[in-house]
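Engineer: Input: one structure, supplied below.
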Amino acid sequence: MEKGKIKGAVFFDYDGTLTDKNHKIFKPTKATLDSIKKLNENGYAVCLATGRSIKYVPQSGINFDCIVSENGGYTVDMYTKKVLTNKSFSDDVLKEMTEFSDENGFIYVLETSGYCYVNKSDDSLFKKMIGMFNVPHSLFTQINFNGTLNEYKEVNKILMMYSDKEKFKNFSNIFSKKAAITLPDSAITSCDINPIGVSKKDGVEAICKYYDIPKENTYAFGDGGNDYFLLNSVNHGVAMGVHDKSLEDVSEYITDEVKNEGITKALMHYGII
C-alpha cells in the first residue's frame, strides 16, 4: 500500500488469532480472508505481528503490507522490502544462553530472518511442538557449532523448549535481566526469548512512523502473552475469545474465538469493514 493512501493500520497475531491449532484451523477462514481483503480495500494497512520467523510464516492467502516477525525483532515492508527493525542478541548473551541450554538439555531454535537453526532437530519434543502448529520440519537447519557461534549472526529470537520446569526456572532467574523472556502458562513447556526490551511494539511503532499513521487509527488483535505490548501499543486493542488473562488489562474489546469468526465480528464492531 502506498504512503499517503492509508487511513490506519490493523495488526494481527498469527497463532491463536488468525489460526487456532486447538481446533485444527491452520489457515485463516474464508470469512477472515474476505474481511481482511475488504479492510485493505477500505484503506487500512494489513500487518502481521507474529512471534514466528518469516522463514516459517505460511502462505495464508493474505497479502500483508508489512510483517512484524520474531516478536518485533525483525520488521519489513513487504512491497519495498525495506527492513524497519532488526534487533539481535549480543554475541556474549547468545553464547551464555546457548551454553546454559546445552548443559541443561534444552531444545532451542535460533531464529533469523533467513534461517532457523535448531540444536536437536530429531528430538521428539521439538517434532511434537512444530507439529502442533503444522510447521514443516524441513524449514529448520541443524546447528553445527564446531566450537563457535560465529556463523549464527543476527539472531532476533530464540524459541526454547524444555521438559524440566525447575531447570527452566533457573534459566529464567539467571537471564531475565539480559533477555526478554515471554513466560508461558503452566501447561506449556516452551517460550519465546528476545533481546532485552524488544517486543512487537517495536514493529508497530516502526511501521506507523514509516507510513505516517496516526495512533488513533491503529488496531491490533492478539491472544497470547507475547501480544501484551502489541495491544498496548495501538489505540484499539482486541483480545480473541480465548486469550491470556494479561491481555484484559490492555484490551478495549474482547471478541469471539477464531472458529466463531472473531476477527470479522470485531472489524464490524469498529465499523472499518
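The values are calculated or read from the model by the stated rules, or taken from the named source; none is laboratory data. Note that the structure is a prediction, hence the values are computed from the model and not measured. Backbone-built Cβ (ideal geometry, glycine too); neighbour counts: all protein chains shown.
Engineer: I need the full set of residues from segment 216-238 which are closer than 17 Å to residue 19 by Cβ and more than 15 Å from the chain's Cα centre (by Cα), in order please. So that I can check it myself, show each step before the final result.
Structural biologist: Initially, segment 216-238 is screened for residues closer than 17 Å to residue 19 by Cβ, giving 220-224, 226-227, 230, 238.
238, the sole residue that qualifies.
Engineer: Tally time: how many residues in segment 221-273 are in a helix (DSSP H, G or I) and under 24 Å from residue 183 (Cα atoms)? I'd like the intermediate steps shown before the answer.
Structural biologist: Our first condition is that a residue be in a helix (DSSP H, G or I); within segment 221-273, this holds for 225-232, 245-249, 258-260, 262-269.
Filter once more, keeping what is under 24 Å from residue 183 (Cα atoms): 225-232, 245-249, 258.
Residues flagged as in a helix (DSSP H, G or I) and under 24 Å from residue 183 (Cα atoms) within segment 221-273 amount to 14.
Engineer: Given the conditions (1) outside any helix (DSSP H, G or I); (2) of a type in the set (Gly, Ala, Ser); (3) under 22 Å from residue 224 (Cβ atoms); (4) at pLDDT 90 or above, which single one is not true for residue 186?
Structural biologist: (4)
Engineer: Evaluate segment 21-36: report whether one residue or more is under 24 Å from residue 82 (Cβ atoms), at pLDDT 95 or above and either assigned by TED's automatic domain parsing to the domain that holds residue 226 or of a type in the set (S, T, N, Q) (or both). Step through it out loud before you land on a result.
Structural biologist: Within segment 21-36, the first condition is being under 24 Å from residue 82 (Cβ atoms), and the residues that meet it are 36.
Pick out the ones that are also at pLDDT 95 or above and you get 36.
Restricting the remaining residues to those that are either assigned by TED's automatic domain parsing to the domain that holds residue 226 or of a type in the set (S, T, N, Q) (or both) gives 36.
Yes.
Engineer: Here's another thing I want to ask about it. Out of 226, 232, I need the residue that is polar (S, T, N, Q), more than 30 Å from residue 128 (Cα to Cα) and either assigned by TED's automatic domain parsing to the domain that holds residue 21 or surrounded by fewer than 14 Cβ atoms within 10 Å (Cβ to Cβ) (or both). Which one?
Structural biologist: Only one candidate qualifies: 232.
Engineer: With the requirement that a residue be within 12 Å of residue 110 (Cα to Cα), at pLDDT 85 or above and surrounded by 12 or more Cβ atoms within 10 Å (Cβ to Cβ), what does segment 131-156 give you?
Structural biologist: 140, 141, 143, 154, 155, 156, listed by residue number.
Engineer: Then there is this: Looking only at segment 7-37, which residues are in contact (Cβ under 8 Å) with a residue 60 or more places away in the chain, basic (Lys, Arg) and not in a helix (DSSP H, G or I)?
Structural biologist: Within segment 7-37, just 7 meets the criteria.
Engineer: Do any strands (runs of 3 or more DSSP E) lying entirely in segment 38-130 carry at least 1 residues that are touching a residue at least 60 places away in the same chain (Cβ under 8 Å) and not β-branched (Val, Ile, Thr), and which ones are they?
Structural biologist: On the way: elements: 44-49, 66-69, 74-77, 83-86, 107-111, 116-118.
By residue number, 44-49, 66-69, 74-77, 83-86, 116-118.
Engineer: Scan segment 167-179 and tell me whether some residue there is assigned to a helix (DSSP H, G or I), at pLDDT 90 or above and of a type in the set (D, E, K, R). Please lay out each step first, then the result.
Structural biologist: So the first thing to find is which residues in segment 167-179 are assigned to a helix (DSSP H, G or I), and the list is 167-175.
Next, only the ones that are at pLDDT 90 or above stay: 167-175.
If we keep only those that are of a type in the set (D, E, K, R) too, we end up with 167, 169.
Among the residues of segment 167-179, at least one is assigned to a helix (DSSP H, G or I), at pLDDT 90 or above and of a type in the set (D, E, K, R), which makes the answer yes.
Engineer: How many residues does segment 207-220 hold that are assigned to a helix (DSSP H, G or I) and under 19 Å from residue 78 (Cα atoms)? It would help to see each step written out before you state the result.
Structural biologist: If we filter segment 207-220 for residues that are assigned to a helix (DSSP H, G or I), which is where we start, we get 207-211, 215-217.
Then drop every residue that is not under 19 Å from residue 78 (Cα atoms), which leaves 207-211.
Result for segment 207-220: 5.
Engineer: While we're looking at this one, here's another question. Looking at this structure, is residue 63 exposed (fewer than 15 other Cβ atoms within 10 Å of the Cβ) and in contact with a helix residue (DSSP H, G or I) (Cβ under 8 Å, 6 or more places away or on another chain)?
Structural biologist: Working: exposed (fewer than 15 other Cβ atoms within 10 Å of the Cβ): yes; in contact with a helix residue (DSSP H, G or I) (Cβ under 8 Å, 6 or more places away or on another chain): yes.
So residue 63 passes the test.
Engineer: Inside segment 94-122, can you point out the residues that are among the charged types (D, E, K, R) and either within 14 Å of residue 138 (Cα to Cα) or surrounded by fewer than 21 Cβ atoms within 10 Å (Cβ to Cβ) (or both)?
Structural biologist: We begin by selecting, within segment 94-122, every residue among the charged types (D, E, K, R); these are 95-96, 99, 102-103, 111, 120, 122.
Hits for segment 94-122 are 95, 96, 99, 102, 103, 120, 122.
Engineer: Hey, another quick one. Check whether at least one residue in segment 157-176 is among the polar types (S, T, N, Q) and within 15 Å of residue 52 (Cα to Cα), and report yes or no. Please lay out each step first, then the result.
Structural biologist: At the first step, the residues of segment 157-176 found to be among the polar types (S, T, N, Q) are 163, 170, 172-173, 176.
Among the residues that remain, those that are also within 15 Å of residue 52 (Cα to Cα) are: none.
No, the conditions are met nowhere in segment 157-176.
The rows are residues; the columns are (1) farther than 21 Å from residue 218 by Cα; (2) modelled with pLDDT of 95 or more.
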{"position": "44", "(1), (2)": "no, yes"}
{"position": "49", "(1), (2)": "no, yes"}
{"position": "57", "(1), (2)": "yes, no"}
{"position": "80", "(1), (2)": "yes, no"}
{"position": "87", "(1), (2)": "yes, yes"}
{"position": "94", "(1), (2)": "yes, no"}
{"position": "114", "(1), (2)": "yes, no"}
